[in-house]
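What follows is one structure encoded as structure tokens, with my remarks underneath.
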Amino acid sequence: MFERFTEEARQVVVAAQDEAREARDPFIDCAHLLVGVAAAGGPGAAALRAAGVDAARLRQAVRDVGDPLAEPLDADALAALGIDLGKVRQAVESVFGSGALNQPAGARRLRRRPTGHLPFTGHAKKALELSLRAAVRRNDGSIDSRHLLLGVLGAGEVRTAEVLRRLEVDAGDLRTRLEGDSDAA
């Protein structure tokens, strides 16, 4: 499949790997691929720009959503103790910034930056497979950022869906634009 990747699509994968390393994640997931699409340019990035997002905004939203391996805070358990998680989150974020509770303090510093090849998560592998299917369905001879973005949108990863939701990007509308427009913008 990778032999069908355009140079642009290869840049998406390299950018996704760089994003994962920078975040000190031990894998490449769909959120990393999404930022990679925006960073690499081409029709996928153009579609994201038309939806009002760029690589910087996506990168920040991925960080705000937080570490996919972290345990979420249990609002019901805290409420049973008389703690309003919403008020705590608001107070902490007013002092430490958006997403401060998404990861335990210092956790990023404790994880070493991964080196060597980073594996793809199951959802990211599915996104790559779906990108090939998108190219075949469109009768395109190669896979570019448009196809990779279609794959990411179809993979069903929760983290990526939350990133798009926070940025108020309608994934269905984005998918329709990508499927129907040969220029994707």
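Here, each number is a calculation from the coordinates, and none is a lab measurement. Every value quoted in this text rests on a predicted model; they were computed, and no experiment measured them. Every residue, glycine as well, gets a Cβ built from its backbone with ideal geometry; the counts of neighbours run over all protein chains shown.
Residue exposure proxy: His147, His117, His123, ordered by other Cβ atoms within 10 angstrom of their Cβ from fewest to most, comes out as His117, His123, His147. Straightening the chain between Arg133 and Val14 buys 40.7 nm, computed as 0.36 nm per residue apart minus the Cα-Cα spacing.
If a spin label sat at a point 7 angstrom from the Cα of Asp170 along the line to its beta carbon, the backbone N atoms of the stretch 27-46 nearer than 19 Å would be those of 46. Close amide H pairs (under 5 Å, H built 1.01 Å from N) link Phe5 with Ile143, residues at least 5 positions away or on another chain.
The phi torsions of the stretch 15-20, fed into the Karplus equation with coefficients 6.51, -1.76 and 1.60 and a -60° offset, translate into couplings of 5, 5, 5, 4, 4, 4 Hz, rounded to whole numbers, with Gly and Pro shown as x.
Here each label is just a point 7 Å from Cα along the line to Cβ, and for Glu7 and Leu85 those points are 4.8 nm apart. Between Phe120 and Ile28, the built amide H atoms are under 5 Å apart, and every one of these is 5 or more places off in sequence or on another chain.
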